[in-house]
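So the structure is just underneath, and the comments pick up after that.
The values are calculated or read from the model by the stated rules, or taken from the named source; none is laboratory data. Predicted model only: the values in this text are computed from it and were never measured. Ligands, DNA and RNA are stripped out before the accessible areas are found, and what is left, the full protein with its side chains, is counted by its heavy atoms. Shrake-Rupley method; radii C 1.70, N 1.55, O 1.52, S 1.80 Å.
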Amino acid sequence: RMSARPSSMDINSSTKKHPKQVIREYLDEPEEETSFFDGVTENLTKLLDGISFSIGLTRFRTWLMILLTVLSTYACSEVMFNLRWETSLAVVAVGTVFPVVFSIQAAYQNREKSLKYLDDIKATFIYMYFTFGEWDRLHSGNVQPEAEATMSQLIVDIMAVLRGKQFGGVARESVHKVYDGWHQLCADAHRNTKVPPPWVNGMSISIRVAMSAFESVKTLKDYETPRGLRKLCYFLIMTTPILLAPYWANFCIDNPDEIEWGCLASYFVGVLYVIITSTLLHVQEALEDPFDGDGIDDIKWDLFGNQLDIMALHGPEGPKQRAEYRKEMDEMRAAKKEAQEQAKEGYQEADVKDSKA
């Protein structure tokens, strides 16, 4: 089976084909054909997603700041108080944007560290599952099913700890369940007395690695980016557009299009400043807690759990088991689709009978 597959050297040595095309051929995947219309649609969708992320209808804070900026700029026009002054926008912008960018960078680094620690936990679980299976095969044991159940429950408990709040009774109870799972794994590692002690010692080291990774990612969860810095960013972004209203109004000096309530340039620059700073704050808040699973850049817990749920489909009989698994899934999807169609037909017949009645 292995000789039929091309090696990594064979894949990398293909210089006449695009890397994606080589990978598709290796995985027996059909090459995707995209038309000009598909490309335009994709880019338009990205543009609309970006607009929705910046000034979507759910961005109540952004719309509130836009309204306050427009009103404050109007108050500084000739109709109201006629307040105008010239200042350096670069100093204000840098003083406002730099703390936000620094906070985004810190949150992004914490997110990358969290992903690394979660990868360590997942890799350790996969290694322990395979090792328990080999122990059972070589030493006539039956530890792997119990260890698999323990690891499955441990994954659920770890996800509950990281997706929950930092403090509180529920969070503490979830942490206790995780420690119970670690203890059960240690007991499973020492259950089969026929396993040589060096092998058991290696398993104990693996469990310790997973526990260390869990403690590291839990620490990143409990201690986020500096709260004082986040409060400073929030204060600056919420106040500077309003305090700079005389500066926005000053754009109308020597402007032939100026009218009593100001010119369009003053309102445009003020609103644009609000959109930029508010969007940066949205990015920082989205990266602050990558564990809740609500943001677009959060950790994909479904993918994390699904990869560990199919550990039994790997091994010497892996290709055969995965083929059977895909066949079962296809049959389940077909049965579900058929049931939905039958239900739809039943609803249509009922509607026809009711209309005749």
What does the accessible area of residue 344 come to, in Å² to the nearest 10, when a probe of 1.4 Å is used?
130
For segment 97-255, calculate the relative contact order in percent as a whole number, restricting contacts to Cα pairs under 8 Å that are 6 or more residues apart.
35
Leaving ligands and nucleic acids out of the surface, order 302, 188, 222, 330 by accessible area at 1.4 Å, largest first.
302, 330, 222, 188
Given the protein chains as shown and a 1.4 Å probe, how many square angstrom of residue 124 are accessible, to the nearest 10?
10
